[in-house]
Structures are given as structure tokens and as C-alpha cells.
Amino acid sequence: INDFSYLHTNCFELSIYVGCDKYPHESELPEEWENNRESLIVFMEQVHRGIKGIVRDVHGKGIPNAVISVEGVNHDIRTGE
């Protein structure tokens, strides 16, 4: 579903698996967190990379359904309402 969401809805979803057991027991969660904490925090910090912003007209009003293209990326996205 992640690929479909990205290509057809402008929704960027991620699934992250940090071990072989998809449904670890509750008692195992603290250890799983400790084993993966640093890498997950660094990963979350990456949200501040790349291009981001608000598409506005000359009066500062948002432009709904504007097409955003990035050279070298074969996937345009559109702004929301």
C-alpha cells in the first residue's frame, strides 16, 4: 500500500521493521527500543532534510492543487486544498 499511496495520493507512508519478529511480546519491547533507539531518532531527524514549504500566491494565500515538479524525479505532487 505504501507505493500506491505515494504514487496516487501524495501520502508518504513508511513501514519500518526493526527485527525478525513482526509482533514481539510486550515484555520484549523495552529491549527492542534500546536496540534501535539511536537509529530511529536519527531517522526521524531526517524529516528536516529536503525541500519543504508552502505554495502561495503573490498575496500570501495558499494555492490549492498546484503541481510541484523536481528535476530528476519522475513523480509530480500536488498541493492540498
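Using a cutoff of 8 angstrom between alpha carbon atoms and counting only pairs six or more residues apart, the relative contact order for the chain works out to 18 percent.
Value of Rg to Rh for segment 1-79, rounded to two decimals, is 1.12; Kirkwood radius and Rg both from alpha-carbon coordinates.
Charge dipole of the chain (Cα centre as origin; +1 on each Lys and Arg Cβ, -1 on each Asp and Glu Cβ, all else neutral): 640 debye, rounded to the nearest 20.
From its DSSP helices (H runs of at least four residues, each -39,500 (n - 2.57)), the chain gives a residue-normalised ellipticity at 222 nm of -9500 deg cm²/dmol. Calculated FRET efficiency, Asp3 to Ser27, Cβ-Cβ distance, R0 = 30 Å: about 0.30 to the nearest 0.05. Keeping the other protein chains in place, figure out the carbon and sulfur percent of the accessible area of the chain, with a 1.4 Å probe. Carbon and sulfur together cover 55 percent of it. Average accessible surface for the chain: 93 Å² per residue, computed with a 1.4 Å probe over protein heavy atoms with every protein chain in place. Label-to-label distance for Asn35 and Arg56 is 4.7 nm, based on points extended 7 Å past Cα in the beta-carbon direction.
The values are calculated or read from the model by the stated rules, or taken from the named source; none is laboratory data. Since this is a predicted model, take the numbers as computed values, not measurements. Methodologically, a virtual Cβ is constructed for each residue, glycine included, from the backbone with ideal geometry; neighbour enumeration extends over all protein chains shown. Areas reflect the complete protein model, heavy atoms only, side chains present, ligands, DNA and RNA absent. Shrake-Rupley method; radii C 1.70, N 1.55, O 1.52, S 1.80 Å.
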